[in-house]
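Please read the structure below before turning to the comments.
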Amino acid sequence: IDAYSVQAIEPKLHPEIDGEGNYYFTTDDDFKVLHLTDIHLSGGILQKDTDKMTINTVAAMVNAEKPDLVIVTGDIAYAIGIGGTINNAYAHNMFVHLMETLGVYWTVAFGNHDTEPYNYHKRDAVADIYADANEKCLFMHSPNGVSGEGNHIINIKNSDGEVTKSLFMLDSHSY
């Protein structure tokens, strides 16, 4: 990841937070979302080459598409299998580092593999990794009383302040 230079994907749009605590972008033009899922970074020594190919693929897609927002809907980590590790924080931190290097706004929703029962770090600890990421990460802890981690909404508003689209980020373990 350190081999990438910080990409000057100068975002055209910058999010703000509304009165309900949700991020929103304002535009009357198209809003480009790059949707990724099942990244499956291992973080294990025997999966180093596979992880490198995955990181290169994500970086290539972000650099080619130059989206306004990248959304990852689960399974960033997949620490099982030959050469995997039960320290799932390693894969999550690796992904955060990649996204911070790419310089694009992004968020995540957790999938079933992000915190396997045998992993060191449970959902609340992994959520802290994303909540503590740089200002381009729009991940939020779930509001009080909402089950799961990282349930949040990102709205797209027009210049009149009307919501034209809503992106709902939902933890796969929400009930």
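The values are calculated or read from the model by the stated rules, or taken from the named source; none is laboratory data. Nothing here was measured: the structure is a model prediction, and the numbers come from that model. All Cβ positions, glycine included, derive from the backbone under ideal geometry; neighbour counts span all protein chains shown. The accessibility values were calculated without ligands, DNA or RNA, using every heavy atom of the protein model including side chains. Shrake-Rupley method; radii C 1.70, N 1.55, O 1.52, S 1.80 Å.
Structure values in brief
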item	result
Hits in segment 14-42 - residues which are assigned to a strand (DSSP E or B), open to solvent by 70 Å² or more (accessible area, probe 1.4 Å) and over 19 Å from residue 99 (Cβ atoms)	16, 17
Identity of the residue in segment 131-147, open to solvent by less than 30 Å² (accessible area, probe 1.4 Å) and touching a Phe, Trp or Tyr at 6+ places or on another chain (Cβ under 9 Å), that ends up farthest from residue 37 (Cα to Cα)	133
Hits in segment 152-173 (condition: part of a strand (DSSP E or B) and open to solvent by less than 20 Å² (accessible area, probe 1.4 Å))	152, 154, 155, 156, 169
Residue within segment 63-73 that is assigned to a strand (DSSP E or B), of a type in the set (S, T, N, Q) and in contact with a Gly (Cβ under 8 Å, 6 or more places away or on another chain) present	yes
Odd one out for residue 149 among (1) at pLDDT 90 or above; (2) touching a helix residue (DSSP H, G or I) at 6+ places or on another chain (Cβ under 8 Å); (3) over 20 Å from residue 11 (Cα atoms); (4) not aliphatic (A, V, I, L, M)	(1)
Residue list for segment 150-175, filter: more than 16 Å from residue 71 (Cβ to Cβ) and of a type outside the set (S, T, N, Q)	157, 160, 161, 162, 163, 173, 175
Exclusive hit being of a type in the set (A, V, I, L, M, F, W, C) and closer than 16 Å to residue 43 by Cα, set 110, 139, 95	95
Segment 94-130: number of residues that are open to solvent by less than 40 Å² (accessible area, probe 1.4 Å), part of a helix (DSSP H, G or I) and within 22 Å of residue 167 (Cβ to Cβ)	10
